[in-house]
Amino acid sequence: MSPSSARFFALRLKPEDDLLAALAAFVSDNGILAGWIAGAVGSLSHAALRYAAQAESVSLKNALEIIALSGTLDAKGAHLHLSVADSQGIVYGGHVMPGCTVRTTCELIIGELDEITFRRSPCPLSGYDELVVGPRN
């Protein structure tokens, strides 16, 4: 794969925004084909996470600070991992599931590779739909 230039977007989500829904709308509105979370800070009132190798997600409520958010974004969805800390500083992390709600703010920097596309395809090794990187036509 060849190197690619990139561009960046700044976005602020507001209280009660759903993290995944807002990101999906932003990606769609801006035609992002190969994006990633370059930076994120903020807080959630509700986080839905799926822990490693678990079928069910867990629901965390109350004031949660976003410690880290990382992952890829494409036209058909997102693959994101999130770490949050509760009011005692206990950190939880996992795969982002629907239902993460912004508490006060979520400030995001989103990068997009200009010459690349991301898509997902079944992987016989992992058994999951995994990232496929291709050139942008």
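The values are calculated or read from the model by the stated rules, or taken from the named source; none is laboratory data. Just so it is clear, the structure is predicted and the values come from calculations on it, not from any experiment. Here Cβ is always computed from backbone atoms with ideal geometry, including for glycine, and neighbour counts include all displayed protein chains. Ligands, DNA and RNA are excluded from the accessible area calculation, which covers all protein heavy atoms including side chains. Shrake-Rupley method; radii C 1.70, N 1.55, O 1.52, S 1.80 Å.
Scanning region 11-37 for residues that are crowded, with 16+ Cβ neighbours inside 10 Å and either assigned to a strand (DSSP E or B) or of a type in the set (Val, Ile, Thr) (or both) yields Leu13, Asp18, Val27, Ile32, Gly35, Trp36, Ile37. Note on region 101-137: residues that are outside any loop (DSSP other than H, G, I, E, B) and touching an Asp or Glu at 6+ places or on another chain (Cβ under 9 Å) amount to 12. Can you find a residue that is modelled with pLDDT of 95 or more, over 15 Å from the mean Cα position of the chain (by Cα) and either closer than 19 Å to Leu13 by Cβ or open to solvent by less than 20 Å² (accessible area, probe 1.4 Å) (or both) anywhere in region 47-57? Scanning region 47-57, I find no residue that is modelled with pLDDT of 95 or more, over 15 Å from the mean Cα position of the chain (by Cα) and either closer than 19 Å to Leu13 by Cβ or open to solvent by less than 20 Å² (accessible area, probe 1.4 Å) (or both), so the answer is no.
Exactly one residue out of Thr105, Thr117 is surrounded by 12 or more Cβ atoms within 10 Å (Cβ to Cβ) and either over 17 Å from Ala21 (Cβ atoms) or out of contact with any strand residue (DSSP E or B) (no Cβ under 7 Å at 6 or more places or on another chain) (or both), and it is Thr117. For region 61-70, the candidate set comprises residues that are modelled with pLDDT of 95 or more and surrounded by fewer than 17 Cβ atoms within 10 Å (Cβ to Cβ); within that set, the residue that is farthest from Val102 (Cα to Cα) is Ser70.
Restricting attention to region 71-91, the residues that are open to solvent by 20 Å² or more (accessible area, probe 1.4 Å), farther than 28 Å from Gly127 by Cα and part of a strand (DSSP E or B) add up to 1.
Just a yes or no: is a residue in region 40-56 basic (Lys, Arg), on the phi < 0 side of the Ramachandran plot and assigned to a strand (DSSP E or B)?
Initially, region 40-56 is screened for residues basic (Lys, Arg), giving 50.
Those still in the list that are on the phi < 0 side of the Ramachandran plot too: 50.
Those left that are additionally assigned to a strand (DSSP E or B): 50.
Yes.
The conditions of being among the acidic types (Asp, Glu), out of contact with any Gly (no Cβ under 6 Å at 6 or more places or on another chain) and free of Cβ contacts under 8 Å to residues at least 60 places away in the same chain are not met by Asp18.
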